[in-house]
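*Asks:* The structure is given below, and queries will be raised subsequently.
The values are calculated or read from the model by the stated rules, or taken from the named source; none is laboratory data. All figures in this text were calculated on a predicted structure; none of them were measured in a lab. Cβ atoms come from the backbone with ideal geometry, glycine included; neighbour counts cover every protein chain shown.
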Amino acid sequence: DVYQSEGRLDLVMECMSGGELFTRVQKRKRFSEADAATAAYQMLLAINYIHSHDVVHRDIKLENFLYESEESDYLKLIDFGFSKVWKKNTSMQLSCGTLAYVAPDVLMQNYSSQCDLWSLGVSVFIILFGYMPFSGSEDKQINDIKAGRYVVKKQYWERVSDVAQDFVKKLLLVDPLKRLTAEQALQHPFVVRRQAKTEEHLCAATVDALISFGTASSFRRAAMSMMAWSLTNEERSTVRQAFIELDQDNSGTVKLWEFKKVLLAKFHVKSEEAQVIFTALDTNNTDEIHYTEFLAAMVSTRISMHDDLLKATFDRFDVDKSGTITVNNLREVLGENFAGSDIDQIMREADITGSGDITYEEWIRYLRQEQGTEKQKDVAAQLIDGQLQKTKSEPKILQMKSAEFGKKGVAAGTVGKEAACCCCQ
């Protein structure tokens with residue numbers, strides 16, 4: 001949320017109540033290799049995402065990764081105070097960051113986005129071995145960092161596998177051109193081995209939610225897109241891993257080729273069908289699906305559309321707090337059009353009484369009962385019928401009669417015991 005007054009601009013961010021990664025390391029002294037690999041993987045996802053959007057953090061450290069909750073192992077990167085939009089093939093000169101984590105090329109005042117990978121190497125070093133790689137006086141630390149001379153305590157290194165040691169060594173290379181990039185680090189055996197042990201979360205219910213979103217009316221998609229910003233951490237966590245499985249190249253977004261590849265391989269969804277769904281999800285027309293757009297699709301079936309969520313989303317559209325949503329409210333929030341649909345047309349879809357605005361009662365009625373036009377229902381029915389024909393013998397696909405679409409919605413069917421996965425239960 002953003003609140004603007006005459007003298008200030010306030011940003012309200014999500015609450016990460018689990019505390020710093022640094023604090024958890026202090027309590028545990030050191031992580032097991034499996035836990036360290038999981039943490040490294042999550043840190044790399046964040047770094048790879050910002051690097052793919054030409055942003056360099058410049059202050060990667062344990063204190064700048066927060067856990068979602070005390071019970072969670074899910075990390076997020078914070079504190080972009082030193083971050084910079086960076087053009088590839090150019091260098092940065094400003095020395096910034098935290099000395100114990102800073103890269104030698106930063107100290108030399110000639111560096112690129114690779115400085116973040118050195119800092120990640122220091123972070124993983126601490127998690128794995130339980131001590132700082134560079135310590136002592138400021139001058140000693142600077143000299144050791146420039147030389148790539150970190151402390152090796154044999155009694156701690158002997159407990160760690162060669163694969164894990166290799167991962168750290170390839171991040172703590174003085175030459176940034178030889179240092180692993182975020183993309184390369186995600187493919188290192190230390191990280192990949194951890195991924196191989198994870199469960200699959202992309203199940204038939206998720207695909208049905210995507211189909212439902214793809215065939216919904218423009219206003220319904222706009223409303224669900226806004227709802228995505230009001231979801232709690234707990235609600236997001238139910239579908240997070242499914243998005244990560246779609247994101248084949250770990251870039252933080254899902255591209256069309258990834259979307260088609262996964263849906264064809266796992267659910268036999270044809271390329272043309274996947275294209276229709278992808279286009280509906282890509283509300284910003286960026287040729288890629290962002291996490292928020294994916295969450296919007298999940299609101300249709302996978303995440304409960306409860307009263308608090310409906311009210312919070314209504315309030316986001318009701319920007320002037322008049323108690324109704326007007327066409328001007330929609331324009332202020334969505335712009336002149338949304339996903340190719342004119343705002344006036346979107347208003348007509350949801351203005352059930354024709355009064356020119358949308359009351360909260362109309363809002364509730366529309367979102368809880370509206371399931372798209374007859375044409376949209378026919379498209380959805382065809383997609384689902386095609387799925388049923390191809391997957392009669394496959395227990396992992398959600399079995400559903402297309403006739404139920406108009407009455408219950410795409411993902412309103414039941415999941416058989418053998419078809420259920422951990423994200424469907």
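*Asks:* Are any of the residues in segment 219-229 in contact with an Asp or Glu (Cβ under 9 Å, 6 or more places away or on another chain), closer than 30 Å to Met347 by Cβ, in the same structural domain as Ala280 (by TED's automatic domain parsing) and outside any helix (DSSP H, G or I)?
*Replies:* no
*Asks:* Would you please name the residue that is nearest to Ser95 (Cα to Cα), looking only at residues in segment 60-80 that are more than 18 Å from the chain's Cα centre (by Cα) and surrounded by fewer than 21 Cβ atoms within 10 Å (Cβ to Cβ)?
*Replies:* Glu63
Listed here are the residues, each with its yes/no results for (1) touching a His at 6+ places or on another chain (Cβ under 9 Å); (2) among the polar types (S, T, N, Q); (3) farther than 17 Å from Phe82 by Cβ; (4) not in a loop (DSSP other than H, G, I, E, B).
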position	(1), (2), (3), (4)
Met13	no, no, yes, no
Gly18	no, no, yes, no
Arg24	no, no, yes, yes
Ala37	no, no, yes, yes
Ile47	yes, no, no, yes
Ile50	yes, no, no, yes
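*Asks:* Select from segment 253-280 the residues that are in contact (Cβ under 8 Å) with a residue 24 or more places away in the chain and among the charged types (D, E, K, R) and write down the one among them that is farthest from Phe294 (Cα to Cα).
*Replies:* Lys270
*Asks:* Before we move on, is Ser123 under 19 Å from Tyr41 (Cα atoms) and at pLDDT below 95?
*Replies:* Details: under 19 Å from Tyr41 (Cα atoms): yes; at pLDDT below 95: no.
No, not satisfied.
*Asks:* Right, another one. When you go through Tyr41, Tyr49 one by one, which is the residue that is out of contact with any helix residue (DSSP H, G or I) (no Cβ under 8 Å at 6 or more places or on another chain), surrounded by 16 or more Cβ atoms within 10 Å (Cβ to Cβ) and touching a residue at least 12 places away in the same chain (Cβ under 8 Å)?
*Replies:* Being out of contact with any helix residue (DSSP H, G or I) (no Cβ under 8 Å at 6 or more places or on another chain), surrounded by 16 or more Cβ atoms within 10 Å (Cβ to Cβ) and touching a residue at least 12 places away in the same chain (Cβ under 8 Å) holds for just one of Tyr41, Tyr49, which is Tyr49.
*Asks:* Additional query: Could you please give the count of residues in segment 76-106 that are of a type in the set (A, V, I, L, M, F, W, C), in contact with a Ser or Thr (Cβ under 9 Å, 6 or more places away or on another chain) and more than 23 Å from Phe134 (Cβ to Cβ)?
*Replies:* Going through segment 76-106 one residue at a time, the tally reaches 1.
*Asks:* Being touching a helix residue (DSSP H, G or I) at 6+ places or on another chain (Cβ under 8 Å) and assigned to a helix (DSSP H, G or I): is that true of Ile60 here?
*Replies:* Numbers: touching a helix residue (DSSP H, G or I) at 6+ places or on another chain (Cβ under 8 Å): yes; assigned to a helix (DSSP H, G or I): no.
No: the conditions fail for Ile60.
*Asks:* Hey, does segment 242-261 have a residue that's under 18 Å from Cys203 (Cβ atoms), at pLDDT below 90, in contact with a helix residue (DSSP H, G or I) (Cβ under 8 Å, 6 or more places away or on another chain) and of a type in the set (Val, Ile, Thr)?
*Replies:* The answer is yes, given that some residue of segment 242-261 is under 18 Å from Cys203 (Cβ atoms), at pLDDT below 90, in contact with a helix residue (DSSP H, G or I) (Cβ under 8 Å, 6 or more places away or on another chain) and of a type in the set (Val, Ile, Thr).
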